[in-house]
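Step one of this worksheet: look at the structure below.
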Amino acid sequence: MNPVVSAVTDRIIERSRPTRAPYLALIERERETWIGRPRLGCANLAHAYAGTPEDRDAMKADAGMNIGIVTAYNDMLSAHAVYYRYPELMKVWAREVGATAQVAGGVPAMCDGVTQGYAGMELSLFSRDTIALSTAVALSHGTFEGAALLGICDKIVPGLLMGALRFGHLPMILIPGGPMPTGIPNKTKAAVRERYATGEASREELLDSEIAAYHGQGTCTFYGTANTNQMMMEVMGLHMPGAAFVNPGTKLRQQLTRAATQRLAAIGWRGQDYRPIGHCVDEKAIVNAAVGLLATGGSTNHLLHLPAIARAGGIVIDWDDIDRLSGAVPTIARVYPNGSADVNGFEAAGGMPYVIRELLGSGHLHRDIMTVAGDDLTPYGTRPTLDGDTLAWTPAGPSGDETILRHPADPFTPDGGVRIVTGNIGRACMKVSAVERDRWVVEAPARVFSDQLDVLAAFQAGELERDVVVVVRFQGPRANGMPELHKLTPALGVLQNRGYRVALVTDGRMSGASGKVPAAIHVSPEALGGGAIGLIRDGDLIRVDAETGTLEALVAPDEWATRDPADAPPAATGMGRELFGLFRGLADEAEKGASAVLAGAGL
């Protein structure tokens with residue numbers, strides 16, 4: 001193993017001992033005392049079987065596994081629209097191996113692309129906690145010996161895992177749907193957005209461009225949070241190998257879903273190959289997820305999601321771990337916004353089988369983890385293929401395009417492109433893999449805002465035509481649910497294109513597709529409650545420095561110490577935001593995952 005990866009893993013194992021041991025004891029107790037089908041009362045079972053008369057006799061005989069399907073289907077979210085007929089097909093495939101399947105429940109699946117920049121986005125992060133709760137409700141019936149988790153996008157996969165890990169004695173497999181085919185190039189889309197921001201493109205031209213990019217069923221093709229989720233499920237061994245980026249509607253996609261359904265029937269506790277999700281997701285699997293994130297230039301949202309997923313399994317990972325790993329893990333993939341290729345180009349160049357095989361070979365991934373497919377991660381370095389109707393896996397070949405995928409010995413950069421920056425403003429994350437090196441350090445006067453719409457208004461009024469650090473505060477989980485601020489990217493990109501030194505500092509989030517503008521995000525402590533980002537005033541000289549890991553207001557210490565925090569705006573209402581007041585009140589800091597349900601549970 002790479003010595004840094006090994007040392008960080010040991011650090012996480014040691015730090016997690018007080019929480020991981022009770023978690024493992026919990027899932028062992030749940031297995032022994034589970035109120036499952038043999039122990040449920042007859043009336044309880046009759047209720048459970050009444051909705052599926054075609055499988056009632058098999059369920060009554062209790063001869064095979066009953067698989068609970070937890071689905072995030074809706075047809076407003078392109079990535080999840082493909083799930084429409086999955087349960088119907090999965091029931092057929094379960095019967096082929098003597099098992100049964102039922103839809104245990106649905107979870108909400110909002111599209112950040114729809115709510116981006118609007119009030120609904122303030123529900124986005126806490127939809128993850130809602131999904132975790134919904135997953136727990138779905139699995140609470142006790143009538144399932146395993147579960148298939150149908151989810152892909154930003155908060156859905158983390159939320160499903162957070163809920164699923166509290167039922168860690170059950171075997172579970174995540175089943176993706178795949179990315180939509182390639183539309184217009186992402187750089188073309190970004191250029192039209194910037195032209196629209198400056199008034200050079202009409203709304204009709206912008207809409208036509210966006211529709212040409214987001215044009216069909218499947219995951220959006222840029223490498224944002226949704227596709228980073230799929231990468232992580234592969235390196236953690238929770239998919240069928242190679243399932244992440246196979247397009248919807250193909251025979252290979254269908255056979256991978258069939259294989260996942262039938263694999264679940266083989267890894268239950270009644271058989272000889274019991275693989276509970278609580279043991280699959282261990283400290284080494286969590287480190288693998290972090291390594292994959294860094295090696296492929298994945299979404300910064302996972303600096304929130306990965307700690308939350310880990311906590312649900314009794315594991316503690318922090319930003320220092322990510323920072324240390326980033327210094328040791330080479331970037332071997334270039335996928336938009338970190339390159340020109342989309343995920344379909346990434347898949348064609350070798351995709352996850354190539355990435356996993358190479359990172360195993362270089363000692364950056366832990367091979368010895370329990371996966372849903374085998375006793376270690378080795379199968380995930382192979383590519384799924386069809387021989388007629390028969391699914392098989394073949395060794396991954398060399399990179400098909402070295403502008404997209406490279407060997408770890410000849411990487412795009414020798415590190416993982418994530419920096420943790422600290423200073424008198426607080427502690428924050430920066431993704432620099434898509435930022436030009438000469439933009440890693442910005443020192444400029446601050447312009448302070450408490451609403452992203454005010455930033456856009458100032459841009460339109462020409463008030464930001466200078467070197468500037470745009471500070472957007474009161475965007476943390478306790479203040480307004482920590483919305484993504486991706487709507488600012490075109491405007492800030494325009495300023496940067498005009499030659500100005502520009503950076504963003506915020507206690508909110510940026511999109512998983514954030515790119516070329518340096519941004520110190522997830523600033524913690526957040527402004528609400530007295531975080532130092534609330535002390536910044538217009539005109540303060542701010543230094544954002546990814547080279548040295550510095551985030552400083554260059555203000556005399558005596559003055560800084562005597563400043564009063566800015567007043568928080570009133571809590572917003574409308575669009576259901578008031579219903580999430582409990583979540584905002586309980587949410588903990590970003591580095592712990594910004595979760596209300598985990599904090600409320602004392603995890």
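The values are calculated or read from the model by the stated rules, or taken from the named source; none is laboratory data. These numbers come from a predicted model, not from an experiment. Counting neighbours? That spans all protein chains shown, and the Cβs are built from the backbone with ideal geometry, glycine included.
A few remarks follow.
- Across segment 396-445, the qualifying residues are those that are within 25 Å of the chain's Cα centre (by Cα) and among the acidic types (Asp, Glu), and the one among them that is modelled with the highest pLDDT is Asp415.
- Restricting attention to segment 247-259, the residues being in a loop (DSSP other than H, G, I, E, B) and either touching a strand residue (DSSP E or B) at 6+ places or on another chain (Cβ under 7 Å) or hydroxyl-bearing (Ser, Thr, Tyr) (or both) number 2.
- Of the set (1) touching a Leu at 6+ places or on another chain (Cβ under 6 Å); (2) surrounded by fewer than 22 Cβ atoms within 10 Å (Cβ to Cβ), all apply to Arg263 but (1).
- Residue count, segment 138-194 (criterion: over 24 Å from Gln262 (Cα atoms), in the same structural domain as Ala81 (by TED's automatic domain parsing) and among the basic types (Lys, Arg)): 1
- Subset tally (residues that are more than 29 Å from the chain's Cα centre (by Cα) and farther than 19 Å from Ala546 by Cβ) for segment 484-504: 3
- Taken together, Val281, Val335, Val291 contain a single residue that is among the aliphatic types (A, V, I, L, M) and either surrounded by fewer than 21 Cβ atoms within 10 Å (Cβ to Cβ) or under 30 Å from Met65 (Cβ atoms) (or both), which is Val281.
- For segment 17-40, the set of residues classified as of a type in the set (S, T, N, Q) and modelled with pLDDT of 95 or more consists of Thr19 only.
- Looking across segment 577-587, the residues that are touching a residue at least 60 places away in the same chain (Cβ under 8 Å) and surrounded by 14 or more Cβ atoms within 10 Å (Cβ to Cβ) come down to Arg577, Phe580, Phe583, Arg584, Ala587.
- If the condition is being among the small types (Gly, Ala, Ser), surrounded by fewer than 22 Cβ atoms within 10 Å (Cβ to Cβ) and touching a residue at least 12 places away in the same chain (Cβ under 8 Å), then segment 56-103 contributes Ala58, Ala63, Gly64, Ala81, Gly98.
- Residue check, Gly539 in contact with a Lys or Arg (Cβ under 9 Å, 6 or more places away or on another chain), modelled with pLDDT of 95 or more and either surrounded by fewer than 21 Cβ atoms within 10 Å (Cβ to Cβ) or not in a helix (DSSP H, G or I) (or both): yes
- The residue pairs whose first member lies in segment 547-576 and is touching a residue at least 40 places away in the same chain (Cβ under 8 Å) and under 15 Å from Ala532 (Cβ atoms), whose second member is assigned to a loop (DSSP other than H, G, I, E, B) and among the aromatic types (Phe, Trp, Tyr), and whose beta carbons are closer than 7 Å, counting only pairs six or more residues apart or on different chains, are Ala568/Phe474.
- For segment 232-245, the set of residues classified as among the aliphatic types (A, V, I, L, M) and farther than 14 Å from Arg357 by Cβ consists of Met232, Met233, Met236, Leu238, Met240, Ala243, Ala244, listed by residue number.
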